[in-house]
Amino acid sequence: MRISQLFGKTQREIPAEADTISHQLLLRAGMIRQLTSGVYSYLPLAWRVLKKIENIVREEMDNAGGQELLLPALQPLELWQKSGRDLAFGQGLFTLSDRRDHKLALGPTHEEVITELVGATVQSYRDLPLRLYQIQTKFRDEPRPRGGLLRVREFIMKDLYSFDIDAAGLDESYNRMLQAYRNIYDRCGVPIRLVEADSGAIGGKDSHEFIAVAESGEDEVIYCDKCQYTANVEKAQSVKEKVEGGEPLPREEVSTPGIATIEEVSSFLKVTPNRTLKAVFYVADSKLIFIVIRGDLEVNEIKLKNALGSTELRLATSAEVAESGIIAGAASPVGIKNIKVIADDSITSATNLVAGANKPATHLRNVNYPRDFRTDLITDIAKAQAGDSCPRCGGKLSSIYGIEVGHAFKLGTVISQKLGAQFIDQSGLSRPIMMGCYGIGLGRLLAAAIEQNHDDKGIIWPAAIAPYQIHLCPLYREGSKVSEVAENLYTELTTQGLEVLFDDRQESPGVKFNDADLLGIPLRVTISPRTLEKNSIEMKKRTEKETQLVPLDEITERLKELSS
RNA sequence: CGGGGCGUAGCGCAGCCUGGUUUAGCGCGCAGCGUUCGGGACGCUGAGGUCGGUGGUUCAAAUCCACUCGCCCCGACCA
């Protein structure tokens, strides 16, 4: 491809919109352009990269026993109502009506469609297992698109769905996919961590995420320095240390004027935060919920949501709290009635705690559970934090951020049951099909590849997904043979089947080199009067600083070698 | 949806507070000509703007007011 004809221009300045690296570089390299929030056009360079990623994914899916197919993006809303996941997706579902006023959804994912299809097709255990996948555009009305391609509303995703007769079969499918995924990230030059995860709106039991470590990542990962334990904060557990508080003492009221937060309470009463009780208020499916947790801990909303089995959960507004007659800043579960109280199990690990007195400017000392208050549920709803102890080995937990570039779920039979996807087993009984699903966002993976492979000059494409392998960069000078040699070399290399991006523009060396660095093609080949004097061209890898001269008659061989 | 910010040429910005001297300006980019040519060269000439939209205030609005649309960032969601 000749740069003079390439659609898409490089830009020197960083667009103000972008503040993640991949977004900036994609824009500067002229690879993408935003149409509206969370919706992007892929210009030729980006599209080439995406197709490379897609092919890698396709190969690995095929190797893992997948069969590719294509499913409708336009899906009847009834199907979603049947599975009950219209509620789980809620606002995230793009919906529309046709001319007869039938409600449709733009597929945010395809479990329903594929399950309906497989249910209608599969009859016997002999038809299983099946692993079906599609690579296509999906739509989600994200609350907040961000970071360029990292989080968008219209995106190309590979989803594979596995159908097995039982849990053992699912395990096998699951493990094969995990391996296939490792291969994919490996080939794309994106190191990942396998992370235990919450299954979210998709539902199901076991779930793992593939996280590419990056500062711009939205996911926090808690991991153990000693053992293999690695989990998304949403799911991560940690050992809550016991706090020695001694034998329960009689409860006593103390006046605490102007004192509200845990920090204020603990410094005012001279107790450590882990000797206090924190009260937090949520609204779950329109009902106010009272949360109690030890003062040094934070509420993990995902855990809370799962514990409540609610579809909608948010912090209560101060007005809502006040309406229920609760005194903010001095609230406590002691004496609370008519409100559901959910407690983190940390409250059982300490005694003689400080809590609110449900009276203005008053707190209580020596509050003990269960002596002084009741709860409706006690479970783990605390957020694991770096510095906590590992739930598996007791080692120290640390935290990093990353981009979720893949997710695997053991769905089980939740959806197949709802949609009636069954098969006849060996004993002649009808049973729901055991399902798993495995997704990779291709555009996000592309962005993650940049997040992990760049320097201050630009992108450094891993060869397997680079839009071109060779950046041919002639430095023209009148009266020299540069042009002729470059043209010949371009023709020759292209004929040999090598992917060459040919900078045939009349630009100064600085412009050309900087663009080459920005575009990040693995190998730069410079031809100039200087190199021709030595009957050579110059080669430079994008990953290295050093250049080397290669004699003209060896070029083709060397380049074929290097870019194979 | 809550909080914050921003809409002026393809990109980055100034002008707005304190309406009129601006024919709306600067840099990059773009077009033409010439000189340059190993790390974003220079000169000259030139093209390009519904100042997000609507309504209002005013003799006069990019500038003030109201409404509205859009975009970005922080939180709840996810590949």
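Summary table below
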{"item": "Extended-chain gain in nm, criterion 0.36 nm per residue less alpha-carbon gap, residue A:124 and residue A:455", "result": "113.7 nm"}
{"item": "Relative contact order %, segment A:468-562, counting alpha carbon pairs below 8 Å whose residues are six or more apart", "result": "31"}
{"item": "Chain A: relative contact order as a whole-number percent, Cα under 8 Å and 6+ apart", "result": "17"}
{"item": "Proximal charge balance of residue A:379 [Cβ under 11 Å; K/R count +1, D/E count -1]", "result": "-3"}
{"item": "Electrostatic dipole magnitude of chain A [Cβ: Lys, Arg +1; Asp, Glu -1; Cα centre; debye, to 20]", "result": "560"}
{"item": "Degrees, to the nearest 10: A:167-187 long Cα axis against longest axis of chain A", "result": "50"}
{"item": "Positive-end residue of A:194, A:167, A:110, charge dipole of segment A:106-212 with Cβ unit charges", "result": "A:194"}
{"item": "Distance between segment A:427-461 and segment A:358-404 - C-alpha centres, whole angstrom", "result": "33"}
{"item": "Listed residue (A:465, A:450, A:489) projecting farthest to the positive dipole end of segment A:440-564, Cβ model", "result": "A:450"}
{"item": "Inter-part distance where segment A:267-332 and segment A:95-130 are each reduced to a Cα centre, Å", "result": "40"}
{"item": "All Cα pairs of chain A, percent lying beyond 36 Å", "result": "50"}
{"item": "Formal net charge of residues neighbouring residue A:118 (Cβ-Cβ distance under 13 Å; K, R +1; D, E -1)", "result": "-4"}
{"item": "A:239, A:49, reordered so the largest accessible area comes first (probe 1.4 Å)", "result": "A:239, A:49"}
{"item": "Debye intensity ratio I(q)/I(0), log10, segment A:468-562, q values 0.11, 0.12, 0.16, 0.19 Å⁻¹ (C-alpha model)", "result": "-0.26, -0.31, -0.58, -0.84"}
{"item": "For residue A:47, solvent-accessible area (1.4 Å; no DNA, RNA or ligand), Å²", "result": "100"}
{"item": "Contact order normalised by residue count of segment A:232-359, Cα under 8 Å, 6+ apart, percent", "result": "33"}
{"item": "Accessible surface, 1.4 Å probe, highest first, among residues A:372, A:166", "result": "A:166, A:372"}
{"item": "Low-density loop positions, GluC sites (Glu not before Pro), segment A:421-515 - DSSP coil, at most 13 other Cβ in 10 Å", "result": "A:478"}
{"item": "Dipole-positive endmost among A:268, A:518, A:70 within chain A (Cβ charges, Cα centre)", "result": "A:268"}
{"item": "Solvent-accessible area per residue, Å², over segment A:468-562 with all protein chains present [probe radius 1.4 Å]", "result": "51"}
{"item": "Highest to lowest packing among A:269-277, A:442-450, scored as the average C-beta count within 10 Å", "result": "A:442-450, A:269-277"}
{"item": "Sparse-neighbourhood loop sites, trypsin sites (Lys or Arg not before Pro) in segment A:57-112 - DSSP loop, at most 12 other Cβ within 10 angstrom", "result": "A:99, A:100"}
{"item": "Positive minus negative residues near residue A:529 (Lys, Arg vs Asp, Glu; Cβ under 9 Å)", "result": "+2"}
{"item": "Residue-level accessible surface for residue A:42, protein heavy atoms, 1.4 Å, Å²", "result": "70"}
{"item": "With every protein chain in place, chain A: carbon and sulfur % of accessible area (1.4 Å)", "result": "48"}
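The values are calculated or read from the model by the stated rules, or taken from the named source; none is laboratory data. Nothing here was measured: the structure is a model prediction, and the numbers come from that model. Using ideal geometry, Cβ is built from the backbone for each residue, glycine included, and neighbour counts are taken over all protein chains shown. Surface areas here come from the heavy atoms of the whole protein model, side chains and all, with no ligands, DNA or RNA. Shrake-Rupley method; radii C 1.70, N 1.55, O 1.52, S 1.80 Å.
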